Amino acid sequence: MKAKRGLVLAILLVLAVLAASAETVTITYWQYFYESKVNLVNELIKNFEAANPGIKVEQVTFPYESFNQKVAASIPAGEGPDVITLFYGWLPMYVKGGYLQQLPTSDFNKAWFDKTYYPFVAESVDFGGKYYSAPTAVRTLALIWNKALFKEAGLDPNTPPKTLEDLAAYAKKLSKYDAKGNLVQAGLLMQPSGQGHSWLREVLFRQFGNVPYNKDYTKVTYNDANAVAALKWYTDLITKDKVGYPNFATDDVTAFKAGKGAMNIDGSFRIATLNAVKGLEWGVSELPTYKGIKSNYASYWTHGIVSGTSGKKLEASIKFLKYLVSPEVQELWLQKVGELPATPALSEKFKNDPVVLPFLKGLEYAKASLFVDEAGQRNIMVNAVDEVVLNKADPAAVLKAAAAKEQAIIDGFWK
Amino acid sequence: MTLAAKRATTAYIFLALPLVFFLGVRFGPMIYMLAMSFTDWGLLRKELHFVGLGNYKAVLTDPVFLKSLGNTARYAIFGAPSVIVLSLFVALLLDLIPKGKAAYRLIYVLPYITPIVAVSWVWRWMFLQPPLGVINTILMALGLQAKEFLNSPQQALQSITAVNVWVEMGYCTTIFLAGLQTIPKEISEAAKIDGANSRQVLLKVTLPLLMPITLFLTIMEGIQFLRIFTQVYNMSFQAQGGPLDSTKSAALYIYQKAFTNFEMAQAASASLVLFAIIMAVTFLQLKFFDKKMGY
């Protein structure tokens with residue numbers, strides 16, 4: 001008798017396990033490795049799984065350098081993730097290739113995007129009326145400075161430069177050289193391959209009176225005297241004023257964290273990173289203006305669902321995506337990562353936070369360049385600066401060649 | 001079956017495994033790549049179209065590819081002979097010392113057995129500008145000007161070449177030393193009895209007898225420098241092969257075409273161009289040395 005009962009129990013147990021495992025859907029989520037984001041998503045997954053029994057989410061991350069490569073190699077092969085977070089500049093490529101699926105129009109339609117997001121977000125995720133992704137957070141640029149180094153140079157640590165003229169003057173005061181004239185402390189970190197290329201193309205070009213692209217970013221229009229003046233102003237800081245140079249002390253972020261750079265132009269995503277550096281006292285303010293003109297560059301990472309996901313997994317993926325863009329997560333994202341809520345109304349609460357406010361103000365007038373090949377287009381601007389700085393080439397000629405190259409990339413994409 | 005036939009069969013069976021591996025993992029993909037180089041295969045394109053020689057035209061007219069080929073040639077022309085000459089010199093010296101040979105050999109071979117990524121990054125940091133870079137700190141302590149090294153389009157390629165010469169020396173020195181030890185002492189002693197001085201012994205006896213090893217190492221090092229990748233990937237900023245493409249090797253160009261631009265077909269054509277060049281160079285080296293080897 002006992003043996004029989006044991007057998008029945010065992011069978012029931014097996015059936016129960018089978019039933020449970022049949023009900024559990026596991027979806028895979030991919031993002032690039034940025035410590036504060038990865039930690040936050042791990043927390044979010046716990047919350048999400050608790051609220052949605054039967055769904056398991058697995059987070060997989062790759063270093064930034066190889067992320068796009070992993071994505072491009074896996075998604076076409078149908079191997080990779082269900083839900084994925086991509087840089088908005090990569091979106092056109094994946095949408096064109098057909099590797100992201102259109103989000104269900106019942107929830108993600110024009111009315112919803114217009115109501116939920118900043119206008120520049122709603123515009124740049126719209127592919128002819130179809131929506132393939134939705135972001136949680138957006139980022140802008142700001143001037144960050146090291147308060148201790150300001151004090152050391154006899155400057156008021158709570159008064160950052162407000163104009164480009166002041167920025168250059170401050171940078172000179174904050175630069176230090178050794179006996180041989182080598183820069184040992186950069187007044188202003190100059191890193192085109194970091195945020196510098198965006199500061200140039202969307203901020204300085206515009207402040208000097210140029211409009212770098214036509215409205216839909218299909219024509220490059222920074223080949224004019226105003227943009228040349230902007231590039232010259234930027235490269236003069238490196239060659240004439242010697243307040244910083246590309247890759248100084250490996251890169252701008254490393255240099256700033258190590259107290260080797262007094263000022264930097266960086267994004268809101270760096271808040272958590274810089275807060276984690278012990279003993280670093282830093283301030284943040286809106287980007288310096290020029291001739292009264294304000295400009296800023298906004299960007300974001302955005303969540304999509306790959307085209308191969310279907311059935312139960314698709315249902316779970318949509319649920320997870322909805323959770324990722326929910327107001328609750330948007331606020332957590334700001335607190336834990338530093339990226340700003342993509343929904344304007346949610347920002348209101350943070351208007352009194354001195355660190356968040358300058359980035360929020362930048363959002364009011366920010367532009368998001370519509371990249372078709374983010375890496376290629378970035379590299380063109382990085383090389384333009386290098387041509388002027390390292391090869392002493394004429395900025396006008398350099399910019400002309402750069403504009404032609406970038407136009408070729410854009411034309412190649414849309415043809 | 002005779003015993004000999006049985007043995008031969010066993011040998012064939014064992015040899016077949018690597019053959020299958022070679023066909024499946026090396027040869028198959030190469031044929032596939034050749035076929036794909038005539039299409040518009042891209043990771044993000046779903047359909048394939050035949051484009052004839054379009055990809056070859058695209059890469060061979062791309063100034064960046066031509067520049068990367070030029071860079072590759074410079075890596076090989078500066079790098080390979082430097083390794084051979086330096087390691088031969090070191091091996092000859094090591095052969096002379098009576099004590100501590102093993103310790104010295106270990107020191108020379110250490111860079112070669114260190115992972116190349118680690119080597120690249122350590123050198124990248126040593127090459128940094130003041131106040132961080134060790135090499136510039138030393139230069140300045142000696143009263144010299146700091147150098148730009150990896151930040152300069154003129155010095156970056158030479159800096160990377162120097163690091164790779166340092167790495168490869170360990171390997172070449174070991175092989176040369178082994179070669180020197182196989183040369184029977186009787187021959188050089190006989191030459192000395194006949195009145196040859198040590199310079200003559202070196203030029204007329206030792207070096208000719210080392211010729212097969214020199215040929216082997218020249219070919220291996222030529223290939224090594226022609227396909228240089230990891231060093232450039234890790235020592236140039238953001239793995240771009242910069243500044244201004246001045247360090248970009250053909251292998252890095254191919255990698256970027258494939259995995260940043262996702263243009264697999266163009267990457268395939270560029271690989272075949274590089275493959276043809278390496279094969280031609282190796283063939284020329286064989287011919288050249290074959291003539292010189294008649295001792």
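Given region A:328-415, what helices (runs of 4 or more DSSP H) lie entirely inside it while holding 2 or more residues that are under 29 Å from B:E148 (Cβ atoms)? Break it down into steps so the answer makes sense when it comes.
Working: elements: A:344-347, A:356-363, A:374-390, A:395-414.
Result: A:374-390, A:395-414.
Is it true that A:A169 is open to solvent by less than 10 Å² (accessible area, probe 1.4 Å) and not assigned by TED's automatic domain parsing to the domain that holds A:Y323?
Details: open to solvent by less than 10 Å² (accessible area, probe 1.4 Å): no; not assigned by TED's automatic domain parsing to the domain that holds A:Y323: yes.
It is false that A:A169 is open to solvent by less than 10 Å² (accessible area, probe 1.4 Å) and not assigned by TED's automatic domain parsing to the domain that holds A:Y323.
When you check B:L92 against the structure, is it more than 17 Å from the chain's Cα centre (by Cα), buried (at least 16 other Cβ atoms within 10 Å of the Cβ) and within 14 Å of chain A (Cβ to nearest Cβ), yes or no? Let's see the steps before the verdict.
Values: more than 17 Å from the chain's Cα centre (by Cα): yes; buried (at least 16 other Cβ atoms within 10 Å of the Cβ): yes; within 14 Å of chain A (Cβ to nearest Cβ): no.
So B:L92 fails the test.
Tell me the residue from A:P76, A:P157, A:P161 that is in a loop (DSSP other than H, G, I, E, B) and within 14 Å of another protein chain (Cβ to nearest Cβ), please. Show your work before the answer.
On the way: A:P157 fails: within 14 Å of another protein chain (Cβ to nearest Cβ); A:P161 fails: within 14 Å of another protein chain (Cβ to nearest Cβ).
Within the list A:P76, A:P157, A:P161, the selection yields A:P76.
Kindly indicate which of B:S82, B:S159, B:S120 is in contact with a Phe, Trp or Tyr (Cβ under 9 Å, 6 or more places away or on another chain) and within 26 Å of B:V281 (Cα to Cα). Full working, then the answer.
Values: B:S82 fails: in contact with a Phe, Trp or Tyr (Cβ under 9 Å, 6 or more places away or on another chain); B:S120 fails: within 26 Å of B:V281 (Cα to Cα).
Result of the check over B:S82, B:S159, B:S120: B:S159.
Looking only at residues in region A:248-263 that are more than 16 Å from A:G187 (Cβ to Cβ) and within 12 Å of chain B (Cβ to nearest Cβ), which one is most open to solvent (accessible area, probe 1.4 Å)?
Out of the qualifying residues, it is A:T254.
Quick one: which of A:L86, A:L103, A:L91 is in a loop (DSSP other than H, G, I, E, B) and either within 21 Å of the chain's Cα centre (by Cα) or aliphatic (A, V, I, L, M) (or both)? Explain how you work it out, then say what you get.
On the way: A:L86 fails: in a loop (DSSP other than H, G, I, E, B); A:L91 fails: in a loop (DSSP other than H, G, I, E, B).
Of A:L86, A:L103, A:L91, the one residue that is in a loop (DSSP other than H, G, I, E, B) and either within 21 Å of the chain's Cα centre (by Cα) or aliphatic (A, V, I, L, M) (or both) is A:L103.
Quickly run through region A:96-118 and pick out the residues that are within 10 Å of chain B (Cβ to nearest Cβ) and surrounded by fewer than 22 Cβ atoms within 10 Å (Cβ to Cβ).
So the first thing to find is which residues in region A:96-118 are within 10 Å of chain B (Cβ to nearest Cβ), and the list is A:96-99.
The answer is A:K96, A:G97, A:G98.
Just checking, does region B:113-129 include any residue being under 30 Å from B:S188 (Cβ atoms) and more than 14 Å from every other protein chain (Cβ to nearest Cβ)? Spell out how you get there, then give the answer.
Going residue by residue through region B:113-129, those that are under 30 Å from B:S188 (Cβ atoms) are none.
Among the residues of region B:113-129, not one is under 30 Å from B:S188 (Cβ atoms) and more than 14 Å from every other protein chain (Cβ to nearest Cβ), which makes the answer no.
Any idea how many residues of region A:46-69 are surrounded by fewer than 19 Cβ atoms within 10 Å (Cβ to Cβ) and in a helix (DSSP H, G or I)?
Residues flagged as surrounded by fewer than 19 Cβ atoms within 10 Å (Cβ to Cβ) and in a helix (DSSP H, G or I) within region A:46-69 amount to 9.
How many of the residues making up region B:260-280 are among the hydroxyl-bearing types (S, T, Y) and surrounded by fewer than 21 Cβ atoms within 10 Å (Cβ to Cβ)? Spell out the reasoning first.
As a first pass, look at region B:260-280 and keep what is among the hydroxyl-bearing types (S, T, Y): B:260, B:269, B:271.
When the remaining residues are screened for being surrounded by fewer than 21 Cβ atoms within 10 Å (Cβ to Cβ), the result is B:260.
Selection size over region B:260-280: 1.
Which one is nearest to the other protein chains (Cβ to nearest Cβ) among residues in region A:345-375 that are closer than 30 Å to B:Q240 by Cβ and open to solvent by 20 Å² or more (accessible area, probe 1.4 Å)? Break it down stepwise before answering.
As a first pass, look at region A:345-375 and keep what is closer than 30 Å to B:Q240 by Cβ: A:359, A:362, A:366-375.
Now drop any that are not open to solvent by 20 Å² or more (accessible area, probe 1.4 Å), which leaves A:367, A:370, A:373, A:375.
Numbers: A:K367: 24, A:L370: 18, A:D373: 7, A:A375: 5 Å.
Once the filter is applied, the top-ranked residue is A:A375.
Only one of (1) farther than 26 Å from A:I380 by Cβ; (2) assigned by TED's automatic domain parsing to the domain that holds A:V388 fails for A:K110. Which number is that?
Only one criterion is unmet by A:K110, namely (2).
Considering every residue within region A:97-118, establish whether at least one is more than 29 Å from A:Q335 (Cβ to Cβ) and acidic (D, E).
Looking for residues that are more than 29 Å from A:Q335 (Cβ to Cβ) and acidic (D, E), one finds none in region A:97-118, hence no.
Which members of region B:27-57 meet the condition of being in a helix (DSSP H, G or I) and within 23 Å of B:Q256 (Cβ to Cβ)? Full working, then the answer.
Step one: filter region B:27-57 for residues in a helix (DSSP H, G or I), giving B:27-36, B:54-57.
The answer is B:P29, B:M30, B:Y32, B:M33, B:L34, B:A35, B:M36, B:G54, B:N55, B:Y56, B:K57.
One line per residue, one yes/no per condition, for (1) open to solvent by less than 50 Å² (accessible area, probe 1.4 Å); (2) small (G, A, S); (3) in contact with a strand residue (DSSP E or B) (Cβ under 9 Å, 6 or more places away or on another chain); (4) under 25 Å from B:L157 (Cα atoms):
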{"site": "B:P184", "(1), (2), (3), (4)": "no, no, no, no"}
{"site": "B:N197", "(1), (2), (3), (4)": "no, no, no, no"}
{"site": "B:L202", "(1), (2), (3), (4)": "no, no, no, no"}
{"site": "B:P208", "(1), (2), (3), (4)": "yes, no, no, no"}
{"site": "B:M211", "(1), (2), (3), (4)": "yes, no, no, no"}
{"site": "B:T214", "(1), (2), (3), (4)": "yes, no, no, no"}
{"site": "B:L217", "(1), (2), (3), (4)": "yes, no, no, yes"}
{"site": "B:I223", "(1), (2), (3), (4)": "yes, no, no, yes"}
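Somewhere in region B:153-176, is a residue among the acidic types (D, E) and assigned to a helix (DSSP H, G or I)? Can you show your working first?
Going through region B:153-176, the residues among the acidic types (D, E) turn out to be B:168.
In the following step, the residues that additionally are assigned to a helix (DSSP H, G or I) were identified as B:168.
Yes, the conditions are met somewhere in region B:153-176.
Does A:K130 count as over 30 Å from A:M93 (Cα atoms), open to solvent by 30 Å² or more (accessible area, probe 1.4 Å) and not acidic (D, E)?
Working: over 30 Å from A:M93 (Cα atoms): no; open to solvent by 30 Å² or more (accessible area, probe 1.4 Å): yes; not acidic (D, E): yes.
Against the criterion (over 30 Å from A:M93 (Cα atoms), open to solvent by 30 Å² or more (accessible area, probe 1.4 Å) and not acidic (D, E)), A:K130 does not qualify.
Go through the residues of region B:39-53 one by one and say whether even a single one is closer than 25 Å to A:K70 by Cα, of a type in the set (V, I, T) and away from every other protein chain (no Cβ under 14 Å).
yes
Determine if region B:261-276 includes at least one residue that is of a type in the set (F, W, Y) and at pLDDT below 90.
Just the residues of region B:261-276 that are of a type in the set (F, W, Y), to begin with: B:262, B:275.
Within this subset, residues satisfying the condition of being at pLDDT below 90 are B:262.
For region B:261-276, residues of a type in the set (F, W, Y) and at pLDDT below 90: present.
Assess whether A:G209 counts as being open to solvent by 20 Å² or more (accessible area, probe 1.4 Å) and away from chain B (no Cβ under 14 Å).
Yes, satisfied.
What pairs come out if I take residues in region A:401-415 that are farther than 9 Å from A:I380 by Cα and surrounded by 15 or more Cβ atoms within 10 Å (Cβ to Cβ) and pair them with residues that are of a type in the set (A, V, I, L, M) and modelled with pLDDT under 90 whose C-beta lies under 9 Å away, six or more apart or interchain?
As it stands, the answer is A:I409/A:V372; A:I410/A:V372; A:F413/A:M93; A:F413/A:V372, since those pairs meet every condition given.
Just to be sure, is A:G89 at positive phi and either open to solvent by less than 80 Å² (accessible area, probe 1.4 Å) or at pLDDT 90 or above (or both)?
On the way: at positive phi: no; either open to solvent by less than 80 Å² (accessible area, probe 1.4 Å) or at pLDDT 90 or above (or both): yes.
No: the conditions fail for A:G89.
The values are calculated or read from the model by the stated rules, or taken from the named source; none is laboratory data. The shown structure was predicted, so the numbers you read here are calculated from the model rather than taken from an experiment. In this analysis, Cβ positions are derived from the backbone assuming ideal geometry, glycine residues included, and neighbour counts consider all displayed protein chains. Side chains are part of the model used for accessible areas, which takes the heavy atoms of the whole protein and leaves out ligands, DNA and RNA. Shrake-Rupley method; radii C 1.70, N 1.55, O 1.52, S 1.80 Å.
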